[in-house]
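The values are calculated or read from the model by the stated rules, or taken from the named source; none is laboratory data. Small disclaimer: the values here were computed from a predicted structure and weren't measured. Heads up, the Cβs are rebuilt from the backbone with ideal geometry, glycines too, and the neighbour counts pull from every protein chain shown.
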Amino acid sequence: MLEHESISNLTHSKTTGLPRKRFYRARAHSNPLSDSHFPVPISPSQFDYTLHYPKINSSKKIEFADIGCGFGGLLISLSTLFPDKLMIGMELRDKVTEYVKERILALRVSNPGQYENVSVVRTNSMKYIPNYFEKGQLSKMFFLFPDPHFKEKNHRRRVISPHLLDEYAYVLRVGGIIYTITDVEELGVWMKSCLDGHPLFEAVSEDELEADPVVKLLSTATEEGQKVARNEGQTFRAVFRRTAPCVLD
Amino acid sequence: MEDNNMEESEQKLEIEVAPALITVHPAQESVSVAVGSNLRVFNLKDGCGVKLIDENGGHKDSIRAIRYSKSGHLLVSAGDDKLVKIWGTNSWRCVHSVVSEKRVSALAISNDGMFVCFADKFGVVYVVDIGGDYDFENAAVAKKKAFPILSHYCSIITRLEFSPDGRYIVSADRDFKIRVTLFPKKPENGAHEIHSFCLGHTEFVSCLAFVSSKDYPNGFLVSGSGDSTVRLWDYASGSLLDTCDVGAEAGNLHSNGKQEDILSAVTDLCATSDGSLVAVAIQSLPGIMLLKCKLYSRTLSVAKVVHVAGETFIPTSLGASSSVPLLWMVMGASSSNIHDFESLARVRVVSGFTTTNDSESLVSEKLVLADKEVPGGEPLLQALQGKLTIGKEAFVMAAEAVQTSMRNLLIKKQYSAERREFRKRGRNDKKNQTID
Ligand SMILES: C[S@@+](CC[C@H](N)C(=O)[O-])C[C@H]1O[C@@H](n2cnc3c(N)ncnc32)[C@H](O)[C@@H]1O
């Protein structure tokens, strides 16, 4: 998928060779419930790593997932911070996904040997997470500035919900970390309360957050985060660890 | 808004038709059939039809699921009227009526009879604590509260099933997913611990059954799908053990060169109590396909197809008790579009639905019982079918109505090229399967 190149020079900057974002603008919000048509692996064992990570030893598995990765800023930062880990962005909007693909390809070309550990798929993460990852495969999941879906009746479209957390707990290994951040206070409170109420997650302590280099990226690395920072907006963060189930149920 | 549209169009598709359902008391003391909003029960102990007692006048819309508890003390029915009705099988009184927010698509009762679980049209599974089914009928008629325990994100759940040891609840959906979840001691707080996903089907999963035996008490899971396969799973790990392409087999039977015309979605499954045989109902296959299931080698293979002489009998639902070696089948559908056949159902029974010892001769002894040989005889057929004899013409038309309705129910609109590609790939993948 990443290999086939169909984008003309027009859409890429002449000087940097990177894709220009304005050619990949798409509708701001997607409805994750509407039936879309894109290929989905039948099971994690059928996800084709060689397409996504052609230079990486094929026995390695993806460990980080950025859900609703948008234009991919976080992945780009993580890629060099964790050169040994495979990571993937999951994005619902077609054009945005195309943009991220092109961005990664361009970075691989201009920085030989780097960015080989990062890729992106177009998918509805709310439906197909178990098709991509096995039980306990992931060590980090990211949900940065997700769509707020304010109306009560649309709360079930939120990408963090009590029931979806069951699936995230399934793909995260014990000790794995889920990172969430938003500039919408109501959503921040919601995400934190969902995580607090879930038996398989516990809050990560402030000391640990201080020591975790990833935490700083949450508000600075993504396009949405940078926009919020420019407008000097407040952010609300919830970072939780996957715990072992209590033996007594 | 888009959201509502989706719901409405789904609803239209769903309201159109409801296949007839059949379920058998675990000791074959009674047999129940649902056609449309009509619940019919025949008491085999007394040899008479049952008059159900319900202050609220029974179901108001199509019934989508019926089930006995393991002990046989209760029967549960639920469907499009958003009601889950729990009936005592002594008094045949509706003891509880649980209100669901959405229409109900599937039901399961925990093995100990403590909990009734149901799934709604939004993919949410609810639990109701009924406090055990033993002294159930003396319990006061009370409103029981349903708690959501898990959810398949916006996919319709087609089946719910408890594992033989009662530890897991398995849910299958219209998207090809099968989820195995630990059923906790206090399920009201939710069933959060997903044990595995059984992924491999490339179309909606229409039915589930467990196969277990003395040697394999926890057994394995079998599933049927719109991809015209039946699959055998190690549900503990989610790994696929075997795939039986029943669609191809059914197509071969119609060797009149019109193989493409066979709509071969699997509509229902029923396993013998020793797990050695699995009966498979296929969307437009007249008769029933029997699969041999070898638990020690973990394989599924076609044993034979039992034809029904003299009529085009395409079963819509299957049932069996745990003690009597009979397979019960019903064919029928109700729909607002086919008023004439509103309540038409045909019941047939196959004998010898039991252990095969791998002997081919035994397999060939499966017989479709004549109407007068069916337990309960004519009174049973009168009660469950609505009428005793079904005119030949009416039967042919009913068969057509059933086929159309099953197609509407099971086949989702048009496939895009992409999706077709995806299905094709799924088929090829099967050939390269390895057992882990
Ligand atoms: C507000 S943006 C944030 C993007 C990025 N995380 C950032 O911080 O810049 C939310 C993104 O989530 C994507 N999204 C929404 N629902 C999704 C789903 N179900 N699956 C995958 N992506 C989804 C949207 O298309 C959108 O790009």
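List of remarks:
- Residue check, A:Thr80 assigned to a helix (DSSP H, G or I), away from the ligand (no atom under 12 Å from the Cβ) and of a type in the set (Ser, Thr, Tyr): yes
- Check on B:Leu240, within 14 Å of chain A (Cβ to nearest Cβ), modelled with pLDDT of 95 or more and assigned to a loop (DSSP other than H, G, I, E, B): no
- Search result, residues across the stretch A:221-249 that are in contact with a Phe, Trp or Tyr (Cβ under 8 Å, 6 or more places away or on another chain), part of a loop (DSSP other than H, G, I, E, B) and within 16 Å of the ligand (Cβ to nearest atom): A:Thr222
- Yes/no for A:Met141 being more than 9 Å from the ligand (Cβ to nearest atom) and closer than 20 Å to A:Ile181 by Cβ: yes
- Only one of the numbered conditions (1) away from chain A (no Cβ under 14 Å); (2) at pLDDT 95 or above is not met by B:Tyr134, and that is (2).
- Which listed residue is charged (D, E, K, R) and part of a strand (DSSP E or B), from A:Glu98, A:Glu102, A:Glu63, A:Glu116: A:Glu63
- Any hit, the stretch A:94-116, residues being among the small types (Gly, Ala, Ser) and surrounded by 21 or more Cβ atoms within 10 Å (Cβ to Cβ): no
- Residues that are among the charged types (D, E, K, R), in contact (Cβ under 8 Å) with a residue 40 or more places away in the chain and within 11 Å of the ligand (Cβ to nearest atom) are absent from the stretch A:109-116 altogether.
- When the stretch A:171-183 is limited to residues that are β-branched (Val, Ile, Thr) and buried (at least 21 other Cβ atoms within 10 Å of the Cβ), the one that is nearest to the other protein chains (Cβ to nearest Cβ) turns out to be A:Val171.
- Any hit, the stretch B:22-37, residues being polar (S, T, N, Q), at pLDDT below 95 and in contact with a His (Cβ under 8 Å, 6 or more places away or on another chain): yes
- From the list A:Leu200, A:Leu218, A:Leu187, the one residue that fits, being crowded, with 16+ Cβ neighbours inside 10 Å, under 30 Å from B:Leu182 (Cα atoms) and within 16 Å of the ligand (Cβ to nearest atom), is A:Leu187.
- Single condition A:Val120 does not satisfy, out of (1) at pLDDT 95 or above; (2) more than 20 Å from A:Thr182 (Cβ to Cβ); (3) more than 12 Å from the ligand (Cβ to nearest atom): (3)
- Sub-7 Å Cβ pairs linking a first residue in the stretch A:118-138 that is within 13 Å of chain B (Cβ to nearest Cβ) to a second residue that is within 14 Å of the ligand (Cβ to nearest atom) and hydroxyl-bearing (Ser, Thr, Tyr), at least 6 apart or interchain, are A:Arg122/A:Thr97; A:Asn124/A:Ser36; A:Met126/B:Tyr153; A:Lys127/B:Tyr153, ordered by first then second residue.
- Screening the candidates A:Ile67, A:Ile104 for the property of being modelled with pLDDT of 95 or more, within 16 Å of the ligand (Cβ to nearest atom) and within 14 Å of chain B (Cβ to nearest Cβ) yields one hit, A:Ile67.
- The requirement of being away from chain B (no Cβ under 14 Å) and either buried (at least 17 other Cβ atoms within 10 Å of the Cβ) or closer than 23 Å to A:Gly89 by Cβ (or both) is fulfilled somewhere in the stretch A:148-170, by at least one residue.
- Candidate set: the stretch A:154-197, residues that are closer than 22 Å to A:Tyr132 by Cβ, free of Cβ contacts under 8 Å to residues at least 60 places away in the same chain and assigned to a loop (DSSP other than H, G, I, E, B); chosen: the one nearest to the chain's Cα centre (by Cα): A:Ile160
- Scanning the stretch B:163-176 for residues that are at pLDDT 95 or above and under 21 Å from B:Arg103 (Cα atoms) yields a count of 4.
- Residue within the stretch A:211-224 that is over 19 Å from the mean Cα position of the chain (by Cα) and at pLDDT 95 or above present: yes
- Selected residue [of a type in the set (A, V, I, L, M) and within 14 Å of chain B (Cβ to nearest Cβ)] from A:Ile42, A:Ile62: A:Ile42
- Test: A:Lys55 is charged (D, E, K, R) and either in contact with a Leu (Cβ under 9 Å, 6 or more places away or on another chain) or within 15 Å of the ligand (Cβ to nearest atom) (or both): no
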